[in-house]
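The values are calculated or read from the model by the stated rules, or taken from the named source; none is laboratory data. Please read all numbers here as calculations on a predicted model, not as lab measurements. Cβ atoms come from the backbone with ideal geometry, glycine included; neighbour counts cover every protein chain shown. Only protein heavy atoms, including side chains, enter the accessible area calculation; ligands, DNA and RNA are left aside. Shrake-Rupley method; radii C 1.70, N 1.55, O 1.52, S 1.80 Å.
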Amino acid sequence: MAKYLLKRLLFGLVSVVIVVAIVMVLIYSLLSRQLVFQQDDTYHKLNNNQKTMYAMRKWQEYGYLDYVTFQDYMNDLNRKGEVDDATREEAVAIGRKAEDDSELTAEYVKKFTETYESQGFEVVRLNAVTARRKLASGGQQQLFATRDRPLAQRLWGYFTSIVTIDTIHAIDDEIDIGPRELTFTTHDPVYGGEKFSPAIMGNGTKHKYLLYFDNQFPYIHQNLVTITLGTSYSVNQGKDVLETMTVSQGSYVTRPTLYPTGHSEESADDLHTATFLQGSREGNQVLANRFDDDYTNVVTEKAGMSKMGYSFVIGILATALAYLLGLPLGIFMARHKDGLVDKLGTIYIVFIIAVPSLAYIFLFKAVGGSFGLPTTFDMNSTSKLMYVLPIVSLALPTVANMMKWLRRYMIDQMNSDYVKFARSGGLNENEIFFKHIFKNAAIPIVHGIPSSVLFAMTGAIITERVYVVPGAGNLLTQAINFYDNSVIVGVTLFYALLSVVSIILGDILMATVDPRISFSDKAR
Amino acid sequence: MNQEMINLKGLGVPEKELFSFVTHNDVESEKITAPRYSYWQSVFRVFFKKKINIIVLCLLGVIFLFAYVYPSLIEYDRYANLTDATAKHLMPVAALEKFGFHLSWILGSGASGEPTFDTIWVGSRISISLALICALINMTIGVLLGAVWGFSKKFDFFMMAVYNIIANVPYVLLISVLVLVLTASFWTMVFALTVTGWVGIAYFIRTQVIIIRDREYNLASRCLGTSIFRIALRNILPFMTSVIVTQAATEIPSYISYEVFLSYIGIGLSEMSLGKLIYEAESAMVTTGWQFEFWSPVAVASIITVVLYVVGQNLGDASDPRTHM
């Protein structure tokens with residue numbers, strides 16, 4: 001069985017890779033790149049060559065292409081010590097047209113062109129744009145090499161950068177930060193160095209705290225291994241998709257905080273999350289007063305739950321409610337077929353299947369609102385009542401689905417020989433229903449449990465929008481609207497992984513419930 | 001012997017009551033003496049036996065009449081009353097008072113002073129057409145491919161891989177990319193909804209085919225040398241009719257719902273459709289006195305989908321030969 005499941009998992013992972021590849025083709029190759037600038041005011045203000053350069057820079061940030069300017073190339077040569085400062089200065093000054101170049105410049109331009117063309121880059125030279133012999137606005141001459149990122153390279157780069165392990169060489173070796181080492185302390189300085197609380201800290205690592213304890217579930221935390229699904233560009237700038245989904249929201253929670261310099265104040269900073277940000281203390285008195293090294297980039301603690309947290313709480317409660325209501329109702333409908341409850345239930349099922357989901361969610365909202373339930377979600381409110389309507393709106397359609405299938409399966413089972421046999425053996429109807437028919441009819445229902453639990457995390461698009469829930473459901477549509485390519489890819493990967501895992505878990509659960517089902521090769 | 005026969009004649013028994021020789025007739029012996037059974041006739045007989053079906057079918061007729069004939073009878077101009085500030089956001093009673101009694105105004109007026117009733121039917125035409133065309137394309141491709149998928153074991157392996165991949169590409173993403181790449185027109189939407197939409201149907205049909213494929217009567221048929229094509233057409237397709245009709249009954253309304261959903265999240269048609277109407281009127285829902293603008297397209301969309309669903313489901317039930325007894 002383990003072997004079979006492993007094979008399934010591997011097949012699943014392969015299809016996940018293909019899905020990511022398809023999504024990359026969709027967003028990087030099919031969509032026009034120009035769309036990125038639709039809401040970008042800076043782009044529309046720029047003119048001529050400057051506009052082109054700005055576009056190149058943005059496209060590189062969004063992950064479309066790689067580009068290198070002639071200036072970067074010369075600086076690079078200078079750093080390597082192949083040219084001295086004076087030569088660099090002189091060579092960088094390219095002429096307005098190629099013919100105007102000095103001999104030295106022409107020589108390096110030729111080298112530049114050869115180096116990059118051999119790597120598949122296209123070298124572009126934009127001549128100066130002039131108006132009445134003067135440079136036009138943004139008309140400075142430009143020279144750069146550019147290359148579209150090929151799909152294979154993009155895929156490889158993406159999948160190899162998902163898991164990163166923090167080492168003491170994570171920060172550029174050229175930056176002088178003192179001895180690079182890992183230190184183990186039994187008294188975490190965040191707690192004043194008096195309370196016993198072991199922690200592993202690093203210097204030279206990306207995170208300052210690699211392993212630490214605090215008072216939040218699961219109490220022990222690590223920063224050694226980081227998962228990166230895709231760094232957001234416009235939805236939540238500079239943050240990873242997972243972080244966007246899991247970081248707390250709402251108003252700040254302040255508590256007395258002791259900073260590394262000994263400065264103490266009421267703050268929401270969570271010092272355990274500190275990451276390195278080079279030169280952050282220079283010219284920033286606030287940070288300089290608080291930190292004694294450049295590990296200053298901290299996450300603030302907020303009162304609300306994360307996007308995924310809200311979605312999961314609502315989703316999981318809705319799923320529980322759906323099973324609690326749907327199973328008994330389905331059984332009752334099958335038990336008293338053609339009775340009143342069965343007929344009413346069928347009308348309800350038809351209503352939910354046929355009517356657009358948007359329509360009945362609004363209907364629930366209107367009905368709930370007239371009972372005085374809050375119809376919009378407010379993160380700062382402590383009222384639990386605001387959870388009621390989103391949960392009910394999510395649960396009621398699932399209830400209908402559950403009723404429909406359970407009723408169908410049970411009625412199909414009712415005509416089986418084993419039921420007749422049980423009846424002839426003298427069992428009463430309740431025993432037949434609950435001990436025999438229900439057990440058999442529930443097997444396909446059991447298969448869906450893992451997926452409904454796991455997909456509770458991803459949230460529901462319409463429900464969250466209608467009730468203004470700050471959940472994860474809208475992340476994908478938001479990313480699409482803002483052309484945040486890496487978020488789209490990250491979210492897709494997350495969904496695809498969930499679906500692969502949930503189907504396998506469903507099969508395992510089904511095989512545990514029903515001993516007749518076996519996935520081992522022998523039985524097949 | 002002869003003697004005895006003469007004697008019988010002498011008894012005065014009429015000729016009819018006596019035994020006589022019957023010649024064997026090859027043609028006659030092939031005929032089956034049973035009531036004539038026509039499949040489709042029986043389907044409609046069963047369908048119309050239920051009174052509710054006649055009512056629902058009439059409703060469907062009215063809906064089609066309003067969606068396809070009514071818009072061409074009226075002159076609909078959305079912005080005809082744009083400059084008239086008093087014509088906007090009227091409740092039905094106020095609108096009827098203002099414009100005189102006319103069918104167009106019985107649902108009040110909308111944000112640009114247009115008659116809500118007319119707008120709804122103009123939008124319904126687009127939505128219903130979209131649903132019917134998408135369902136037709138998806139069902140055709142889905143049923144044909146699903147049948148092959150169910151029959152061929154080699155194809156099954158390949159198609160399962162394809163299915164696993166396509167099912168995991170986010171639908172919303174695919175549609176929004178297609179809408180952005182092409183234009184947000186009607187045919188783009190049809191393309192976006194059908195480019196992967198058939199996979200689910202094909203998978204469903206595949207499962208059904210596999211269930212019937214290895215039944216004894218098909219095995220017998222194959223042993224007698226029937227070709228796969230004939231088995232598919234004659235042995236399996238009749239079995240599948242009710243399944244296909246039932247599936248179509250859930251598909252058609254689902255496209256209307258899907259269009260509403262897509263419009264709501266901002267990836268809609270450029271033409272006026274039911275979904276776009278609901279999306280645009282959403283803000284009117286929370287304003288007192290304007291709710292009519294929002295609830296009437298929602299209600300009409302719901303009625304259309306429910307009627308289509310019920311007709312389809314009951315037709316599906318009636319096309320199951322087991323109900324023909």
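Over 16 Å, how big is the tail of the calculated P(r) for segment A:346-386, in percent of all Cα pairs?
Of the Cα pairs, 50 percent sit more than 16 Å apart.
With all protein chains present and a 1.4 Å probe, how do A:94, A:18, B:128 order by accessible area, largest first?
Result of the area sort, largest leading: A:18, A:94, B:128.
Could you give the nm distance between label points at residue B:45 and residue A:118, where each point is 7 Å from its Cα heading toward the beta carbon?
Between residue B:45 and residue A:118, the label points sit 8.7 nm apart.
Using a 1.4 angstrom probe with every protein chain in place, what is the largest-first accessible-area order of B:105, A:156?
Accessible-area ranking of B:105, A:156, largest first: A:156, B:105.
Quick one: accessible area per residue over chain A, 1.4 Å probe, rounded to a whole number of Å²?
I get 52 Å² per residue for this part.
Calculate, in whole percent, how much of the Cα-Cα pair population of segment B:58-141 lies beyond 19 Å.
Percent of Cα pairs beyond 19 Å in segment B:58-141: 45.
Set the bar at 18 Å for Cα to Cα. Now go through A:80/A:111; A:51/A:110; A:58/A:80; A:51/A:111; A:337/A:404; A:239/A:307 and name every pair that lies beyond it.
Flagged as over cut-off: A:51/A:110; A:58/A:80; A:51/A:111.
Amide H neighbours of residue A:297 under 5 Å, counting only residues 5+ apart in sequence or on other chains, H built in-plane at 1.01 Å?
Under 5 Å from the amide H of residue A:297 lie the amide H atoms of A:275, A:277, each far enough along the sequence or on another chain.
Round to a whole angstrom and tell me the spacing of the C-alpha centers of segment A:283-305 and segment A:156-197.
16
I'd like to know how chain B sits against the 2.2 N^0.38 Å rule of thumb: what's its Cα Rg over that expected value?
Expressed relative to 2.2 N^0.38 Å, the Cα Rg reads 1.51.
Taking each residue in B:169-177, count the Cβ atoms of any other chain within 10 Å of its Cβ, then average. What number comes out?
Neighbouring Cβ atoms belonging to other protein chains average 6 per residue here.
With the full set of protein chains in place, find how many percent of the accessible area of segment A:358-505 is carbon and sulfur; take the probe as 1.4 Å.
About 64 percent, which is the carbon plus sulfur part of the accessible surface.
Quick one: give the max-minus-min coordinate of the C-alpha atoms of segment A:1-133 along each principal axis, largest first, in Å.
Ordered largest first, segment A:1-133 gives principal extents of 74, 39, 20 Å.
Which value results when the Cα radius of gyration for segment A:390-524 is divided by 2.2 N^0.38 Å?
My calculation over the Cα atoms of segment A:390-524 gives 1.43.
Roughly how compact is segment A:353-435, stated as its Cα Rg over 2.2 N^0.38 Å to two decimals?
1.74
Leaving ligands, DNA and RNA out of it, work out the accessible area of residue B:317 with a 1.4 Å probe and give it in Å² to the nearest 10.
My reading of the accessible area for residue B:317 is about 80 Å².
Name the trypsin sites (Lys or Arg not before Pro) in segment B:42-86 that are in a loop by DSSP and that have at most 13 other C-beta atoms within 10 Å, would you?
When the trypsin sites (Lys or Arg not before Pro) of segment B:42-86 are filtered for loop state and at most 13 Cβ neighbours within 10 Å, B:50 remain.
Using the Kirkwood formula over every pair of different C-alpha atoms, what hydrodynamic radius in Å results for segment A:310-351?
In segment A:310-351 this quantity evaluates to 11.3 Å.
Taking just the C-alpha trace of segment B:280-325, give me its Rg and Dmax in Å.
17.9, 56
Relative contact order for segment A:59-185: what percent, with Cα pairs under 8 Å and sequence separation of 6 or more?
24
Kirkwood hydrodynamic radius (Cα pairs, Å) of segment A:165-246?
Kirkwood hydrodynamic radius for segment A:165-246: 14.4 Å.
Between residue A:451 and residue B:222, how many nm apart are label points set 7 Å from Cα along the C-beta direction?
2.9
After finding the eigenvalues of the alpha carbon gyration tensor for segment A:78-154, what semi-axes result from the square roots of 5 times each, listed largest first in whole Å?
Semi-axis lengths for segment A:78-154 are 24, 20, 11 Å.
For B:86, A:244, what's the largest-to-smallest order of accessible area, 1.4 Å probe?
B:86, A:244
Measuring with a 1.4 Å probe in the full set of protein chains, what accessible area per residue, in whole Å², belongs to chain B?
56
Given charges of +1 on the Cβ of Lys and Arg and -1 on the Cβ of Asp and Glu, with all other atoms neutral, how large is the dipole of segment A:64-146 about its Cα centre, in debye to the nearest 20?
Computed charge dipole of segment A:64-146: roughly 540 debye.
With 13 Å as the cut-off, how large is the P(r) tail for segment B:193-270, expressed as percent of Cα-Cα pairs?
More than 13 Å apart: 74 percent of the Cα pairs in segment B:193-270.
Label-point separation (nm) for residue A:9 and residue B:17, each offset 7 Å from Cα along Cα-to-Cβ?
Going from the residue A:9 label point to the residue B:17 one covers 9.1 nm.
Can you compute 3J(HN,Hα) from phi for each residue in segment B:107-115, using the Karplus curve 6.51 cos²θ - 1.76 cosθ + 1.60 with θ = phi - 60°, rounded to whole Hz and x for Gly and Pro?
10, x, 10, x, 5, 10, x, 8, x
Mind listing, in residue-number order, the residues in segment A:323-363 that have at least 30 Å² less accessible area with every protein chain present than in their own chain alone (1.4 Å probe)?
So the qualifying set is A:350, A:353, A:354, A:355, A:356, A:358, A:359, A:362.
Give the aspartates and glutamates reachable from residue A:7 as a straight Cα distance under 20 Å; neighbours fewer than 8 places away on the same chain don't count.
The reachable aspartates and glutamates, counting only those whose Cα sits under 20 Å from residue A:7, are A:507, A:521, B:156.
Any idea of residue A:143's accessible area? Nearest 10 Å², probe 1.4 Å.
Roughly 10 Å² of residue A:143 is accessible to a 1.4 Å probe.
Could you give me the ³J(HN,Hα) list for segment B:16-32, computed from phi with Karplus coefficients 6.51, -1.76, 1.60 and θ = phi - 60°, whole Hz, x at Gly and Pro?
4, 7, 8, 5, 9, 6, 10, 7, 6, 10, 4, 5, 5, 5, 7, 6, 9
For the Cα atoms of chain B, what angle does the longest principal axis make with the long axis of helix B:153-168, in degrees from 0 to 90, nearest 10?
Result, in degrees: 20.
State the extension gain, in nm to one decimal, for the chain segment bounded by residue A:75 and residue A:516, taking 0.36 nm per residue of separation less the distance between their alpha-carbons.
Computed gain between residue A:75 and residue A:516 is 151.8 nm.
Counting just the Cα atoms, what span does segment B:78-190 cover along each of its three principal axes? Round to the nearest Å and put the largest first.
Taking max minus min along each principal axis of the Cα atoms, segment B:78-190 gives 69, 27, 19 Å.
Using only helices, what value at 222 nm comes out for chain B when you add -39,500 (n - 2.57) per DSSP H run of length 4 or more and divide by the total residues, to the nearest 500 deg cm²/dmol?
Theoretical 222 nm ellipticity from helices: -21000 deg cm²/dmol.
Among the trypsin sites (Lys or Arg not before Pro) within segment A:65-103, which fall in a DSSP loop and have no more than 16 other Cβ atoms within 10 Å of their own Cβ?
Those satisfying the criteria are A:96, A:97.
Divide by every residue of chain A the summed helix terms, -39500 (n - 2.57) for each DSSP H run of at least 4, and state the resulting mean residue ellipticity at 222 nm, rounded to the nearest 500 deg cm²/dmol.
Taking each H run of at least 4 residues, the total per residue is -15000 deg cm²/dmol.
Going through the DSSP H helices of chain A, which span 27 Å or more along their own axis at the Cα atoms while scoring at least 1.6 as a mean Kyte-Doolittle hydropathy?
Counting only whole DSSP H runs, the qualifying helices are A:2-24, A:485-513.
Between residue B:101 and residue B:37, take the C-beta separation as r, use R0 = 45 Å, and let me know the FRET efficiency to the nearest 0.05.
0.25
What figure in square angstrom, to the nearest 10, would you give for the accessible area of residue A:229 with a 1.4 Å probe?
For residue A:229, solvent-accessible area is about 10 Å².
I need the GluC sites (Glu not before Pro) found in segment A:1-104, filtered to DSSP loop residues with at most 13 other beta carbons within 10 Å of theirs.
For GluC sites (Glu not before Pro) across segment A:1-104 that sit outside H, G, I, E and B with at most 13 neighbouring Cβ atoms in 10 Å, the list reads A:82.
In µm²/s, what is D for segment B:57-99 at 4 °C and 1.567 mPa s, where D = kT/(6 pi eta Rh) by Stokes-Einstein and Rh is the Kirkwood radius from Cα pairs?
Diffusion coefficient, whole number: 102 µm²/s.
Using the C-alpha gyration tensor of segment B:151-219, what are the square roots of 5 times its eigenvalues, in whole angstrom, with the largest one first?
Equivalent-ellipsoid dimensions as semi-axes: 33, 13, 8 Å.
For residue A:285 and residue A:147 in the same chain, what is the full-extension length gain: residue separation times 0.36 nm, less their Cα-Cα distance, in nm?
Net length gain for the segment: 45.5 nm.
Extent of segment B:244-325 along each principal axis, from alpha carbon coordinates, in Å, largest to smallest?
Answer, in whole Å and largest first: 56, 26, 16 Å.
Please check segment A:470-500 for residues whose accessible area, probe 1.4 Å, is lower by 50 Å² or more when all protein chains are in place than in their chain alone.
Going by heavy-atom accessible area, the residues of segment A:470-500 that drop by at least 50 Å² are A:480.
Measure of size requested: the Rg and Dmax of segment B:163-301, with Cα atoms as the atom set and Å as the unit; please supply both.
21.2, 73
One-quarter of the Cα convex hull surface for the protein assembly as shown, in nm²?
Convex hull of Cα atoms, orientation-averaged projection: 61.3 nm².
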